[in-house]
1. Within a 10 angstrom radius of the beta carbon, how do H8, H108 rank from fewest other beta carbons to most?
2. So, by mean Cβ neighbours within 10 angstrom, what's the order for 17-27, 54-64 with the highest one leading?
3. Which cysteines in the chain lack any other cysteine whose Cβ sits under 4.7 Å from their own Cβ?
4. Using amide H atoms built in the peptide plane, which far-off residues or other-chain residues are under 5 Å from A133 H to H?
5. Just to check I understand the Karplus step: with θ = phi - 60° and J = 6.51 cos²θ - 1.76 cosθ + 1.60, what whole-Hz values come out for the range 105-115, glycine and proline as x?
6. So what is the relative contact order for the chain, in percent, with contacts set as C-alpha pairs under 8 Å and at least six apart?
7. Quick one: 3J(HN,Hα) in Hz for the range 26-37, Karplus 6.51/-1.76/1.60 with θ = phi - 60°, rounded, Gly and Pro as x.
8. Cross-link candidates for K46: which lysines have Cα within less than 20 Å, leaving aside residues fewer than 8 places away along the same chain?
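No value in this document is a laboratory result; all are computed from the given coordinates. The structure presented is a predicted model; accordingly, all values stated were derived computationally and were not measured. With ideal geometry, Cβ positions are generated from the backbone for all residues, glycine too; neighbour counts draw on all protein chains shown.
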Amino acid sequence: MEIYVLRHGIAENAGAGHPDPERALTAEGREKLRRVLKRARTAGVKPDLILASPYRRAMETAEAAAEELGYKGTVERSTALVPDASPHDIWAEIRARKSENAILLASHEPLTSSLAAFLLGCPALQVEMKKAALLRVDCERFGAEPRCLLKWLITPGLAGE
């Protein structure tokens, strides 16, 4: 299975009376995300399933990915992808859907970097997941603990344009 971990793009600042889960992507955030997703499409990314945190910025990120990557399904919300969730909870979601060929997960920091380290079997690994960064790992075994292989990481800076 190909597992894609996508950190949401740049979002509005939190403010008084503006709850964190309701923060939307900014124009700059959408543009940087678009650059990354364009490179992902060129790399052949075709998710069979997209799961996203229910937070607005993650859902907007997942919906942009669905559009750019030609995904025809519905983006599914998962509380296992909120910022303070555990990589173990996401792994349970992935294992429950192991028949899929490719899953894209739209989430937040610090979860995206800790999930990357967890999937690679090295929880102490430091992974910098910039906003709108997209990571690909491949996984063939679905035991209690994952053992995936890092394939690539695209950041907005690498996506250029």
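1. So the ranking, lowest neighbour count to highest, is H108, H8.
2. Working: 17-27: 13.6, 54-64: 22.5.
Peptide ranking by packing, descending: 54-64, 17-27.
3. C122
4. Result for A133 returns R7.
5. 10, 9, 8, 10, 8, x, 5, 4, 6, 5, 5
6. Across the chain, relative contact order equals 31 percent.
7. 8, 4, 5, x, 5, 5, 5, 4, 4, 4, 5, 5
8. Leaving aside lysines fewer than 8 places away in the same chain, those within reach of K46 are K32, K38, K72, K98, K151.
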